[in-house]
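Asker: Here it is, the structure in full.
Bear in mind these aren't lab numbers, they're just calculated from the coordinates by the rules spelled out. Everything numeric in this text was worked out from a predicted model, so none of it was measured. All Cβ positions, glycine included, derive from the backbone under ideal geometry; neighbour counts span all protein chains shown.
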Amino acid sequence: MILLEIFWTFLKIGIFTFGGGYSMVALIQNEVVEKHGWMSAQEFTDILAISQMTPGPMGINTATYAGYTAVVNNGLPMWEGVVGSLLASFAVILLPVVAMLIVFRYLSKHKDNPVTEGMFRVLRVTVVGLIAAAALLLLTEESFGVPGFNLQFVVSMVLFAAVFWLSYRHRVSPIILIAASGLVGLVVYSI
């Protein structure tokens, strides 16, 4: 029964995903942690970290790992976890692929239409809102530590501010920022 629930859950998530993987994070977290309780907030945070580090689209990677974790956390064997990951991955892309085929046909005929341009303006604002929701969702004790003057929280906030400033203001490569943040974390937390 859980496999059917996973398929249906990720099919619904796929319907409402505009703007890529980061906009999908809030929807996935709400479904798998809050609504169904298939995993803890810490497990979801770990899944996000792994999804960002592995090759491929982050949203599909998150769905894959979440599908696997949900099945295994329900006491089923690992091979069924693999089935859960495949179902979640397939479900999350099924309707967007079909929709993109339909939209492509429409856009190729009506790309200069004012209604089409207005739709894209609204979608841009929606995507910014979904990405902002995902960012706020990651501001948890698991990610940043308990607010106050403890080491984890202070280091997390300083790294966040520095990475934001360097990427926004100076256009530093994300690869360099990730490597530098990892190095800072390694040095600070090994002391």
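Asker: Is segment 145-191 rounded, prolate or oblate when judged by the Cα gyration tensor, a ≥ b ≥ c being the square roots of its eigenvalues, rounded requiring a/c under 1.5 and prolate requiring a/b larger than b/c?
Answerer: Oblate, because a/c is 1.5 or more while a/b does not exceed b/c.
Asker: Another question, then. Output wanted: per-residue J couplings in Hz (rounded whole) for segment 96-110, from phi through Karplus 6.51 cos²θ - 1.76 cosθ + 1.60, θ = phi - 60°, x for Gly and Pro.
Answerer: x, 5, 4, 4, 5, 5, 5, 5, 4, 4, 5, 5, 5, 8, 10
Asker: Under the rule of -39500 (n - 2.57) per DSSP H run of 4 or more residues, summed and divided by the residues of the chain, what mean residue ellipticity at 222 nm is obtained, to the nearest 500 deg cm²/dmol?
Answerer: Computed mean residue ellipticity for the chain: -26000 deg cm²/dmol.
Asker: Applying 1/(1 + (r/R0)^6) with R0 = 30 Å to the Cβ-Cβ distance of Ala162 and Thr54, what FRET efficiency is obtained, to the nearest 0.05?
Answerer: Taking R0 as 30 Å, the efficiency between Ala162 and Thr54 is 0.75.
Asker: Shifting gears a bit: Along segment 116-126, what does the Karplus equation 6.51 cos²θ - 1.76 cosθ + 1.60 (θ = phi - 60°) give for ³J(HN,Hα), rounded to whole Hz, x for Gly and Pro?
Answerer: After applying 6.51 cos²θ - 1.76 cosθ + 1.60, I find 5, 5, x, 4, 5, 5, 5, 5, 4, 5, 4 Hz.
Asker: Determine, for Leu94, Leu3, Leu183, the number of other Cβ atoms within 10 Å of each Cβ, and report the residues in order from fewest to most.
Answerer: Leu183, Leu94, Leu3
Asker: Still on this model: Obtain the radius of gyration and the Kirkwood radius of segment 60-112 from its C-alpha atoms and give Rg over Rh. Intermediate results must be reported in sequence, preceding the final value.
Answerer: Numbers: Rg = 16.2 Å, Rh = 12.4 Å.
Taking Rh as the inverse mean 1/r over Cα pairs, Rg/Rh reads 1.30.
Asker: With springs connecting C-alpha atoms under 10 Å apart, model the chain as a Gaussian network and identify which of Val72, Val122, Val83 has the largest mean-square fluctuation.
Answerer: Looking only at Val72, Val122, Val83, the largest GNM fluctuation is found for Val122.
Asker: Could you list the square roots of 5 times each eigenvalue of the Cα gyration tensor of segment 21-132, that is, the equivalent ellipsoid semi-axes, sorted largest first and rounded to whole Å?
Answerer: Rounded to whole Å, the semi-axes are 32, 16, 11.
Asker: Further question: Using r as the Cβ-Cβ distance of Ala179 and Leu76, and R0 as 30 Å, what FRET efficiency do you calculate, to the nearest 0.05?
Answerer: Calculated transfer efficiency: 0.20.
Asker: Quick one: work out Rg over Rh on the C-alpha atoms of the chain, Rh as Kirkwood radius.
Answerer: Ratio of gyration radius to Kirkwood radius for the chain: 1.02.
Asker: Taking θ as phi - 60°, what are the ³J(HN,Hα) couplings along segment 41-52 by the Karplus curve (6.51, -1.76, 1.60), each to the nearest whole Hz, with x for Gly and Pro?
Answerer: 5, 5, 4, 5, 4, 5, 4, 4, 4, 5, 4, 6
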